[in-house]
Amino acid sequence: MSQQKHDLFAHRKTAIMPNHWDLLALLLVFCLILIFTINARSMDAPYRLGQALPISLSYKMLPTYAGQTVSRMLIALVFSLLFTFIFGTWAAKNKRAEKIIIPFVDVMQSVPILGFLAISVVAFIKIFPNSLLGPQCACIFVIFTSQAWNMVLGFYQTIKTVPHDLREAADMLHLSAWQRFWRIEVPFSMPGLLWNTMMSMSAGWFFVVASEAISVAHQTILLPGIGSYIAVAIDKADMQAVTYAIIAMFCVILLYDQILFRPLVAWAEKFKAEQEGGELEAHSWLATMLKRTRLLQWIGSWLAIALDAMVNFRVPRRKTYLKPVLPAGVGDRIANIFWWTFLSVFAALTLHFLVKVIGPALTWHEVGHVMLLGLFTGIRVIILIILCTIVWVPIGVWIGLRPRAAEIIQPIAQFLAAFPAYLLFPVVVMMIMRYHLNVEIWTAPLMILGTQWYILFNVIAGVSVLPKELHYATENFNVRGWLWWSRFILPGIFPYYITGAITAAGGAWNASIVAEVVTWGHTTLRATGLGAYIAKYTTEGDFSRIALGIAAMCVFVLLLNHFLWRPLYVLAEKKFQLD
């Protein structure tokens, strides 16, 4: 470190003189800061419940709306990353925490965002009275719930599958848990985390209408943004405005892909364990521009030193005192008793609360009816996951083996994943009405429209981390056809596929609230299912039936996780880990 400091001082006079690349980069940074500052100031505007927030369908307002929507998504993404690092790591390293956090995440990713919205909007309006900050925080929280779970599951899965040789290297170097996290686990997880982060941003777009055009208990709050713009355009059946919204979304996604994700992908190249000579590397014009700067590079050097100091920080060890020695296993048993007692009390109190709140307003007949609706939605989810697996796994493998194709397809897939189902409502309604199609079948693809990409993105990430030695071995032994798929690719990507499939299934349950009720102008089509049930009673503000619908959805998801996904997850961890 001292040599690095010496070099920095030696070249200080010439290093800090900005060149024209510095001026360009600084201009871009100042523009971004200005946009975020303006949007941040507008978040805290005065607001009273019931006050109408006008949304203009003029295309001139779309840049402003796009800036506000992206600002909310980026704030939610920062909280999602913090949540991922804390709870994904905790679940991967602590058996007791794993038994709680992973089922909790599995269930939460399937809870409809309208369920979160119905609760959070009331709470945040109480916390920030007479201010738009309350609905803004509720919107950001709902976007967070559409982003975080996928990232936690992906990060947890990659930490659990860190190869033993890397763990042994960390032991030999006597790395602390803090250093091991930043030096080994985060770099190893970076490809998967990056793909899942892109997917999470797209998930935020998929639910942008529901999160910005808040409609709870006959109260509608239209926060300025592209989501509210689309909601108003659909309500007025304005096809021209819908087209403007699609163009604006495409431009915004392309812009933040170039400014945010493309440089991150190029930066993450250094975390690859293997780099072949002549292998195609990811490129970013922004990363190239930053490398050519002088002043920013000098500032970056100091930041690197500060980050190194942070990563190498060691907590002073406390003095050890003699402790009473317990027989082997007694400490674990006592901890388990306390842990399960706490969980039992918490579960009993939650059950008591639910029965007290929703019990008086419901009958057993309605409970049975809701479970039947859940069965209909569950059948749709399973069929759609099977179809998506058949389609996207081969395509994901093909893309993962071709870095140049991945570079081209990445922004396209991001845009398609972000495409809100609401924008297809005009097409779906017109097709069903014109050709007298079955609503129960032809609205179902909307459920998987945004979540099928979890499978594709995770398969691409899985293929990209397969060791080159295995590729060479299959080539040398002339492994081809089904043998290549069954002995090499499918086992290699299996842990990533399972993560993608679990997330896609959870997202499909969540998307059922959007897909089972399709509206265009004055025409509304309803499919039979749990999503339509929750959407209906959320609009009416019937909290007992909202809670019943969410509880039924949680039961179905828990059963599927316990009997299908969890055994597959254990199989992926034990049999298909790369060591």
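Of the residues making up the range 229-243, those that are part of a helix (DSSP H, G or I) and farther than 14 Å from Leu424 by Cα are Tyr229, Val232. Would you check which residues across the range 506-556 are among the hydroxyl-bearing types (Ser, Thr, Tyr) and under 14 Å from Leu117 (Cβ atoms) and list them? Residues satisfying the conditions are Tyr537, Thr538, Thr539. The set of residues in the range 559-577 being of a type outside the set (Phe, Trp, Tyr), farther than 16 Å from Leu490 by Cα and touching a helix residue (DSSP H, G or I) at 6+ places or on another chain (Cβ under 6 Å) consists of Asn561 alone.
Just to confirm my filter: which helices (runs of 4 or more DSSP H) fall fully inside the range 482-573 and include at least 2 residues that are in contact (Cβ under 8 Å) with a residue 24 or more places away in the chain and of a type in the set (Ser, Thr, Tyr)? Where helices (runs of 4 or more DSSP H) fall fully within the range 482-573 and carry at least 2 residues being in contact (Cβ under 8 Å) with a residue 24 or more places away in the chain and of a type in the set (Ser, Thr, Tyr), they are 490-515, 530-540.
Within the range 77-88, residues that are on the phi < 0 side of the Ramachandran plot and without any contact (Cβ under 8 Å) to a residue 12 or more places away in the chain have Cβ atoms under 7 Å from residues that are part of a helix (DSSP H, G or I) and open to solvent by 10 Å² or more (accessible area, probe 1.4 Å) in no pair, counting only partners at least 6 apart in sequence or on another chain.
Of all the criteria given as (1) surrounded by fewer than 24 Cβ atoms within 10 Å (Cβ to Cβ); (2) modelled with pLDDT of 80 or more; (3) within 26 Å of Val252 (Cβ to Cβ), the one not satisfied by Val439 is (3). All of (1) modelled with pLDDT of 80 or more; (2) open to solvent by 10 Å² or more (accessible area, probe 1.4 Å) hold for Trp195 with one exception: (1).
Looking at Ile33, Ile38, Ile75, just one residue is surrounded by fewer than 13 Cβ atoms within 10 Å (Cβ to Cβ) and farther than 15 Å from Ala248 by Cα, and that residue is Ile33. Beta carbons closer than 7 Å, at least 6 apart along the sequence or on distinct chains, pair a first residue in the range 223-247 that is within 15 Å of Val518 (Cα to Cα) with a second that is in a loop (DSSP other than H, G, I, E, B) and at pLDDT 85 or above for Val232/Ile55; Val232/Leu57; Ala233/Leu57. Taken over the range 514-532, the residue count meeting the criterion of being open to solvent by less than 30 Å² (accessible area, probe 1.4 Å) and closer than 15 Å to Met447 by Cα is 11.
Of the residues making up the range 470-526, those that are within 30 Å of Ile432 (Cβ to Cβ) and over 27 Å from the mean Cα position of the chain (by Cα) are Trp520, Gly521, His522, Thr523, Thr524, Leu525, Arg526. The number of residues in the range 92-147 that are out of contact with any Ser or Thr (no Cβ under 6 Å at 6 or more places or on another chain), in contact (Cβ under 8 Å) with a residue 40 or more places away in the chain, assigned to a helix (DSSP H, G or I) and of a type in the set (Gly, Ala, Ser) comes to 4. For the range 133-146, the set of residues classified as at pLDDT 85 or above and either closer than 19 Å to Leu193 by Cβ or open to solvent by 10 Å² or more (accessible area, probe 1.4 Å) (or both) consists of Leu133, Cys137, Ile140, Phe141, Ile143, Phe144, Thr145, listed by residue number.
The values are calculated or read from the model by the stated rules, or taken from the named source; none is laboratory data. In this text, all values refer to a predicted model and were calculated from it rather than measured experimentally. Cβ sites come from the backbone with ideal geometry, for glycine too, and all protein chains shown count toward neighbours. Surface accessibility is based on the protein's heavy atoms, side chains included, excluding ligands, DNA and RNA. Shrake-Rupley method; radii C 1.70, N 1.55, O 1.52, S 1.80 Å.
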